[in-house]
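Reviewing the structure listed below.
The values are calculated or read from the model by the stated rules, or taken from the named source; none is laboratory data. No experiment lies behind these values; they were computed from the predicted model shown. For neighbour counting, all protein chains shown are included, and Cβ atoms are generated from backbone atoms with ideal geometry for every residue, glycine included.
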């Protein structure tokens, strides 16, 4: 039985978030499933071990964004949209754009918990990676 569409979309969103924040240590052991007795099926576990690279802004990730693509860019992120429960790249693109907007909008609230140097670094990284993942205008 394939993973539920909402789990596949959640995993896609986590990939986008890893790219935005520079979590270049993401690996398959950071993604797990748990058995939900009430549903009688395996489901994606809550996210864990998300650690942005503290030294530099990564240009690629450890896990592929799509088949053979580790680079942080919109093309790589959307290339395998059908594998993550989207009917088309366009549909995945709309989902991605909405997620990018939500993350950008929430940044100030989350960043207020960081010291000044981390806040500045993460803001610069967010802006750089948003430009790589958004539609070119």
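Computed quantities for the displayed model
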read-out	value
Residue count for region 50-59, restricted to those that are farther than 11 Å from residue 26 by Cβ and in contact with a helix residue (DSSP H, G or I) (Cβ under 7 Å, 6 or more places away or on another chain)	1
Listing of helices (runs of 4 or more DSSP H) fully contained in region 74-137 that carry 2 or more residues being surrounded by fewer than 17 Cβ atoms within 10 Å (Cβ to Cβ)	89-111, 116-133
Condition check for residue 62: out of contact with any helix residue (DSSP H, G or I) (no Cβ under 6 Å at 6 or more places or on another chain), farther than 18 Å from residue 7 by Cα, assigned to a helix (DSSP H, G or I) and modelled with pLDDT of 90 or more	no
Conditions (1) under 23 Å from residue 66 (Cβ atoms); (2) in contact with a helix residue (DSSP H, G or I) (Cβ under 7 Å, 6 or more places away or on another chain); number of the one not met by residue 114	(1)
Evaluation of residue 49 against (1) part of a loop (DSSP other than H, G, I, E, B); (2) at negative phi; (3) surrounded by fewer than 18 Cβ atoms within 10 Å (Cβ to Cβ); (4) free of Cβ contacts under 8 Å to residues at least 60 places away in the same chain (one fails), failing number	(2)
Total residues in region 16-46, condition loosely packed, with under 10 Cβ neighbours inside 10 Å, under 15 Å from the mean Cα position of the chain (by Cα) and assigned to a loop (DSSP other than H, G, I, E, B)	1
